[in-house]
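The values are calculated or read from the model by the stated rules, or taken from the named source; none is laboratory data. Being a predicted model, the structure only gives us computed values, none of them experimental. Neighbour counts are summed over all protein chains in view; Cβ atoms, including those assigned to glycine, are modelled from backbone coordinates with ideal geometry. Ligands, DNA and RNA are excluded from the accessible area calculation, which covers all protein heavy atoms including side chains. Shrake-Rupley method; radii C 1.70, N 1.55, O 1.52, S 1.80 Å.
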Amino acid sequence: MKDAIESTGVPHTEVDLILVDGVSVGFEHLLTGGERVAVYPMFEALDISPLVRLRPRALRDPRFVADVHLGKLARHLRMAGFDTLWANDWDDDLIVRESLAGRRTILTRDKGMLRRREVERGYFVRATEGEAQLAEVVRALQLESLVAPFTRCRECNAPLEPVGKAEVLERLPEKVRGCYDTFRRCPGCGRVYWEGTHFERMRGIFDRLGT
Ligand SMILES: [Zn+2]
């Protein structure tokens with residue numbers, strides 16, 4: 001079944017349900033010829049648990065590892081609050097290992113990586129521009145209700161911690177001191193965040209998405 005699906009160009013990681021002559025089957029099902037096969041992508045709004053599950057449920061605790069070409073998308077996802085690993089020197093083997101170890105969905109523009117047998121979770125990103133990629137991933141994986149801007153460091157992926165204005169006052173640009181009162185700090189790199197330009201830009205993206 002798995003080989004038949006992938007021979008059509010669909011990565012098996014995007015398949016959540018297979019029906020053969022109306023009966024749900026697993027990837028290991030053998031085709032004999034003449035059957036009617038229906039293949040469905042991941043369901044998020046429909047409970048298909050009475051049917052055969054192809055993999056452990058993971059999407060509702062979405063974590064990602066992005067390939068080397070998706071640095072902008074990785075930063076956008078972090079700004080939207082999603083745990084996203086990315087490094088500019090990670091090869092495919094390392095990305096697959098991180099995916100398996102952390103139950104992370106691989107985000108890639110390389111279909112070959114998603115066809116690897118050991119890969120369990122993956123999404124092929126169609127868009128080529130960072131903000132469009134973010135919009136695509138949020139829509140495709142139905143992440144709208146999980147977006148939490150201003151909660152994660154865009155540079156090192158660490159969850160941000162609340163910090164008092166007095167503690168960070170000296171590090172703030174002059175115009176920020178008077179305009180904002182709520183700040184968060186990254187325990188990893190020390191960067192201070194406030195609901196300023198990045199936040200407004202993210203808000204704009206999600207307004208356009210209709211979330
Ligand atoms: Zn940081």
query = Within the range 192-204, is even one residue within 16 Å of the ligand (Cβ to nearest atom) and acidic (Asp, Glu)?
reply = no
ask   = From the residues in the range 21-36 that are touching a strand residue (DSSP E or B) at 6+ places or on another chain (Cβ under 7 Å) and closer than 13 Å to LYS2 by Cβ, which one is surrounded by the most Cβ atoms within 10 Å (Cβ to Cβ)?
value = VAL25
task = Those residues that are open to solvent by less than 30 Å² (accessible area, probe 1.4 Å) and either in contact with a Leu (Cβ under 6 Å, 6 or more places away or on another chain) or not charged (D, E, K, R) (or both), I need them from the range 112-123; list them, please.
result = MET113, LEU114, VAL119, GLY122, TYR123
